């Protein structure tokens with residue numbers, strides 16, 4: 001039996017491309033970002049999250065973020081989701097793709113819809129590994145369920161919108 005590529009999953013009837021991809025390199029600043037997130041007081045409302053911008057001085061200490069910054073206009077931020085909160089099924093209005101990294105082990109689930117989001121439907125879970133970067137397809141319905149503690153996520157937002165930079169385009173550019 002042939003194994004499928006890491007971004008392909010067997011949905012039972014056929015293979016479908018996963019809406020996320022773990023980059024094969026880990027962050028060198030994950031601990032610094034988490035420390036920043038838990039000590040800053042500058043949180044602002046942002047798309048139903050709390051967010052704080054990360055300075056380029058800090059972000060570009062990491063080779064992955066530095067390389068992305070040399071290729072694309074971007075902003076790096078940390079988003080916080082409060083305990084016992086869900087961010088229901090949605091497709092981002094502007095972003096086509098993001099690069100995300102979970103910064104703490106808060107019990108949470110990030111789910112992507114497989115097929116139409118009806119009353120009942122399939123899903124695939126993105127099981128984050130701390131310190132790993134994930135390309136994240138914001139144009140596939142997704143949701144987050146957070147449990148008993150705040151969830152901190154580093155997220156790269158590109159100036160290019162969903163019509164200018166897609167998940168597939170960024171993935172091709174990262175190889």
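General observations
- Centroid-to-centroid separation of region 42-95 and region 122-139 [C-alpha atoms, Å]: 14
- Kirkwood Rh in Å, taken over region 109-170 so that all alpha-carbon pairs contribute: 13.7
- Added length on full extension, which subtracts the Cα-Cα distance from 0.36 nm per residue, residue 123 to residue 143: 6.2 nm
- Hypothetical label at residue 40: residues of region 139-157 whose amide nitrogen lies under 12 Å (7 Å Cα-Cβ projection): 153-156
- Contact order relative to length of the chain, as percent, for alpha carbon pairs under 8 angstrom and 6 or more apart: 29
- Given their separation in residues at 0.36 nm each and the Cα-Cα distance between them, residue 104 and residue 17 gain 28.6 nm when the chain is fully extended.
- When only Cα pairs below 8 angstrom with a gap of at least 6 residues are kept, region 22-69 shows a relative contact order of 37 percent.
- Each pair of Cα atoms in region 19-174 enters the Kirkwood radius, and Stokes-Einstein at 4 °C and 1.567 mPa s then converts it into a translational diffusion coefficient of 82 µm²/s.
- With respect to the chain, whose longest principal axis is taken over its alpha-carbon atoms, helix 30-39 is tilted by about 60°.
- Simple spin-label estimate for residue 48 and residue 164 in nanometres, 7 Å along Cα-Cβ: 2.6
Only the coordinates and a few stated rules stand behind these numbers; no lab work does. As the structure is a computational prediction, the values presented were derived from the model and not from experiment. So basically every Cβ, Gly included, is an ideal-geometry build from the backbone, and we count neighbours across all protein chains shown.
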